[in-house]
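I have placed the structure first, in the form of structure tokens, so that the comments after it can refer back to it.
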Amino acid sequence: QVQLVESGGGLVQAGGSLRLSCAASGSTFSINAIGWYRQAPGKQRELVASISSDSSTNYADFAKGRFTISRDNAKNTVYLQMNSLKPEDTAVYYCNSVIIIATGPVPFGSWGQGTQVTVSS
């Protein structure tokens, strides 16, 4: 089973950038699809972006044009580059293993602690 650990969050000013990392352990990472999710206080967890084993990607509308998901299979890591950050991007960001079906990615792994992203105005 793949274990995922998020890192790279922090406090940034509006308009700034962060790159989040999702580091995986396990021998199946290279064929695993990964999704980034976020959850703000009082809100439901929502998909940010996903990347499949062949590096095809999907983005939530709020992420398009600002965020980029990528993977480095040699390093067993998936990244989320976040640019032009807005205060409403403030949330805990999680990564998880997903299966991509016709309607979009569905997480099936366990949720970790995530990494906090705080964007000040």
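The values are calculated or read from the model by the stated rules, or taken from the named source; none is laboratory data. Since the model is a prediction, treat every value here as computed from it, not as a measurement. Note that we place each Cβ from the backbone using ideal geometry, even for glycine, and neighbour counts take in every protein chain shown.
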Checking Ser50 against (1) surrounded by fewer than 17 Cβ atoms within 10 Å (Cβ to Cβ); (2) out of contact with any helix residue (DSSP H, G or I) (no Cβ under 7 Å at 6 or more places or on another chain); (3) modelled with pLDDT of 95 or more, the condition it does not meet
(1)
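Just to be sure before I move on: is Gln39 surrounded by fewer than 14 Cβ atoms within 10 Å (Cβ to Cβ) and polar (S, T, N, Q) in the structure I sent? It would help to see each step written out before you state the result.
On the way: surrounded by fewer than 14 Cβ atoms within 10 Å (Cβ to Cβ): no; polar (S, T, N, Q): yes.
Judged against the criteria, Gln39 is not a match.
Let me confirm something: among Asp61, Asp89, which residue is buried (at least 16 other Cβ atoms within 10 Å of the Cβ) and among the charged types (D, E, K, R)? Steps first, answer last, please.
Numbers: Asp61 fails: buried (at least 16 other Cβ atoms within 10 Å of the Cβ).
Going through Asp61, Asp89 in turn, just one is buried (at least 16 other Cβ atoms within 10 Å of the Cβ) and among the charged types (D, E, K, R): Asp89.
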